[in-house]
Amino acid sequence: MNPQPKLNSLDNLIFDNRFVNELPEDQETRNYPRQVLSACYSRVLPTQVTNPKTVAYSKEVTELLDLSEQVCHSEDFAQVFAGNRLTAGMEPFAMCYGGHQFGNWAGQLGDGRAINLGDVINSQGERWALQLKGAGLTPYSRTADGLAVLRSSVREFLCSEAMYYLGAPTTRALSLVTTGEQVIRDMFYNGNPKAEPGAVVCRVAPSFIRFGNFQIFAARGDLALLRKITDYTITTHFPHLGKPSIDVYLAWFEEVCRTTAQMIVHWQRVGFVHGVMNTDNMSILGLTIDYGPYGWLENYDPDWTPNTTDAADRRYRYANQPACAFWNLAQLGNAIYPLIGKAKPLERALNVFTQVFAEQWQFMMGNKLGLNQFTSDQDDELFAELLVLLQSVEIDMTIFFRQLAEVELGKSNLEDVNVETLIAPLADAYYVPKQLTSEYVSRLLDWLKHYNQRLLQAGISQEIRRETMNRVNPKYVLRNYMAQLAIDKAEQGDFAMIAELLELLRHPYDEQPEKQGYSAKRPDWARQRAGCSMLSCSS
Ligand code: AMP
Ligand code: MG
């Protein structure tokens, strides 16, 4: 098969803008913050910026769009993906949606600083919606400015791609462009505003529709629009379900419950904490969306959240993510209830989340231990004991699972083994060596014996176990301090580390010995530094 010819001009992208063609638009054409009624979106132009410069782009995403390398290096690329020029076929708009923020209904939110450019149909016939984040004011900007700063844009750009390569469903990032403008931000909302460099990320996904796109019309009692956007979503993004009907609405909701459960299992597997799981940040396609104050578990603390804005309640802490996803799905269920008119089948569909999450979580945990089969009566206890052990002292989650594959198991019954030699591969995972008391070591050994028994019984060799484990336990994740170092340099005009991290995170399961430093545990200086252990919604 001949490779598809690459596009040498952004004007050759082919758009099929179904969202704007099929759904009702806002009749007000002036761009100022307001309530937008009886419409799914508002047409809006990106704000012009003075000096757009491409800082980074993701090669694989440019390939999804069939773009040649030459286009990506062109001045036009920076102009277009900063929002300064529309190419033929682009029809920019901002979506109207609502949402529950931290458990409370917040009314209309909408694309306050995201401007959709339209849907590209690529040479494979795939639909890829393009969206600029930080391209200026929209009718949904409320009291804010519609802009994004470099710091949060670097974080969104790198993490979208890192998540993709980790195998977690996510929106993608095409480009990161600085605007040449300064943006004022009070990072911790404590009266210390500061000018920061502005930036725009172009995000890419089959769709950016969120739970909140349905909730807004239900909350307003606008059933006609609720039905329209639901039918649109099903026919465009879930065509395999067939022509919309009550049964199809239910099947659709069940599918959203299933894909959301799968997404959360991936988050738990890699130690990702989203930080702001509001219903406006939940993708209808089960994609991780809106990278704000997210973080990665370093020492395994189920109560941890990176988001200082959520410090009091810790609603969106690591261990609570499955429950929050369920709660959010229940809100989506409530929103579409008027289309169905029966609560029982909706509840049944919602319970699919619980079932799928439980099954896939067990399977995932089994995989993290190199087990190819899960048996509840044996493995529930094995997992539960491990989770207790992981919390009893400060252990780096990523290093622990990766290095567990190096502990020699599956050969003997460990009765005469030298404990120190046995657990030596785990040494790097501990933050506080003096916590390795003899009591702790003996509990660890007990657990390793239990695990070893299980491996012997299943006949799993060291080699096979390592292979299975290294496919699901990443060596490299985007630790907050790494992103922060890249940001510090970027703010000085040096973008090399962004490229370096992007390359590193394209192969998170590979050893990459020359990059070993990035697999080490969080350095001490990062423990309490802003951006490393603490983040806010200010971005
Ligand atoms: P988030 O918590 O980032 O998902 O944002 C919640 C809502 O606030 C969404 O409607 C965003 O579009 C909006 N928003 C966040 N930051 C800004 C900003 N700088 N300008 C305008 N709207 C914003
Ligand atoms: Mg959001």
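Numerical summary
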{"read-out": "Ranked packing of 326-333, 528-535, 185-192, most packed first, by mean Cβ within 10 Å", "value": "326-333, 528-535, 185-192"}
{"read-out": "Per-residue Cβ neighbour rank within 10 angstrom, fewest leading, Y318, Y518", "value": "Y518, Y318"}
{"read-out": "Qualifying aspartates and glutamates (Cα of each under 14 Å from Cα of K6; at least 8 residues distant if same chain)", "value": "E60, E63, D66, E69"}
{"read-out": "Three principal axis lengths of segment 10-212 [C-alpha, angstrom, descending]", "value": "43, 41, 35"}
{"read-out": "Dipole moment magnitude, nearest 20 debye, segment 1-131 about Cα centre, only Lys, Arg, Asp, Glu C-beta charged", "value": "400 debye"}
{"read-out": "Mean-position separation - Cα centroids, segment 436-507 and segment 197-240, in angstrom", "value": "36 Å"}
{"read-out": "Label-zone membership for segment 459-499, site D301, 7 angstrom Cα→C-beta point, backbone N under 16 Å", "value": "480-481"}
{"read-out": "Eligible aspartates and glutamates near K228 by straight Cα distance, threshold 17 Å, same-chain separation 8 or greater", "value": "E22, E25, D26, D247"}
{"read-out": "Candidate aspartates and glutamates - alpha carbon under 19 Å from K449, same-chain residues fewer than 8 apart omitted", "value": "D377, D379, D380, E381, E385, E406, E408, E415, D416, E420, E439, E463"}
{"read-out": "Assigned charges on the beta-carbon of Lys, Arg, Asp, Glu; the chain dipole about Cα centre (debye)", "value": "1000 debye"}
{"read-out": "Separation in nanometres of the label points that stand 7 Å from Cα toward Cβ, at V388 and R227", "value": "5.6 nm"}
{"read-out": "For peptides 501-508, 436-443, sequence by mean Cβ density within 10 Å, most packed first", "value": "501-508, 436-443"}
{"read-out": "Size of segment 376-472 as Cα extents on the principal axes (Å, biggest first)", "value": "35, 30, 27"}
{"read-out": "Per-residue Cβ neighbour rank within 10 angstrom, fewest leading, K475, K194, K449", "value": "K194, K449, K475"}
{"read-out": "Sites V419 and E467 - FRET efficiency at Förster radius 30 Å, r taken between beta-carbons, to 0.05", "value": "0.70"}
{"read-out": "Percentage relative contact order, segment 384-504, counting C-alpha pairs under 8 Å, at least six apart", "value": "34 percent"}
{"read-out": "Residue (of H450, P425, L414) at the positive-pole extreme of segment 391-471, dipole from beta-carbon charges", "value": "H450"}
{"read-out": "Segment 222-295 - convex hull of alpha carbons, volume per residue in Å³", "value": "93 Å³"}
{"read-out": "The chain: DSSP helices with Cα axial extent of at least 15 Å and average Kyte-Doolittle hydropathy no lower than -1.0", "value": "150-166, 223-237, 246-270, 321-340, 343-368, 376-392, 438-458, 480-491"}
{"read-out": "Added length on full extension, which subtracts the Cα-Cα distance from 0.36 nm per residue, E491 to K449", "value": "10.1 nm"}
{"read-out": "Reciprocal mean inverse distance between Cα atoms of the chain - Kirkwood radius, Å", "value": "24.5 Å"}
{"read-out": "Difference of contour (0.36 nm per residue) and Cα-Cα distance, N190 to A323", "value": "44.8 nm"}
{"read-out": "Segment 230-368: translational diffusion in µm²/s, Stokes-Einstein, Kirkwood Rh over Cα pairs, 10 °C, 1.306 mPa s", "value": "101 µm²/s"}
{"read-out": "Least to most buried among C40, C202, C324, C537 (fewest other Cβ within 10 Å first)", "value": "C537, C324, C40, C202"}
{"read-out": "Greater than 24 Å apart at Cα, pairs in K133/K475; K59/K489; K194/K475; K53/K194", "value": "K133/K475; K194/K475"}
{"read-out": "FRET efficiency, 1/(1 + (r/R0)^6) with R0 41 Å, evaluated for Q182 and R506 via beta carbons", "value": "0.80"}
{"read-out": "Estimated FRET transfer efficiency when R0 is 30 angstrom, pair A520-T354 (beta carbons, to 0.05)", "value": "0.20"}
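Each value in this text was obtained by applying a stated rule to the coordinates, not by laboratory testing. Model, not experiment: these values are computed from the prediction. All Cβ positions, glycine included, derive from the backbone under ideal geometry; neighbour counts span all protein chains shown.
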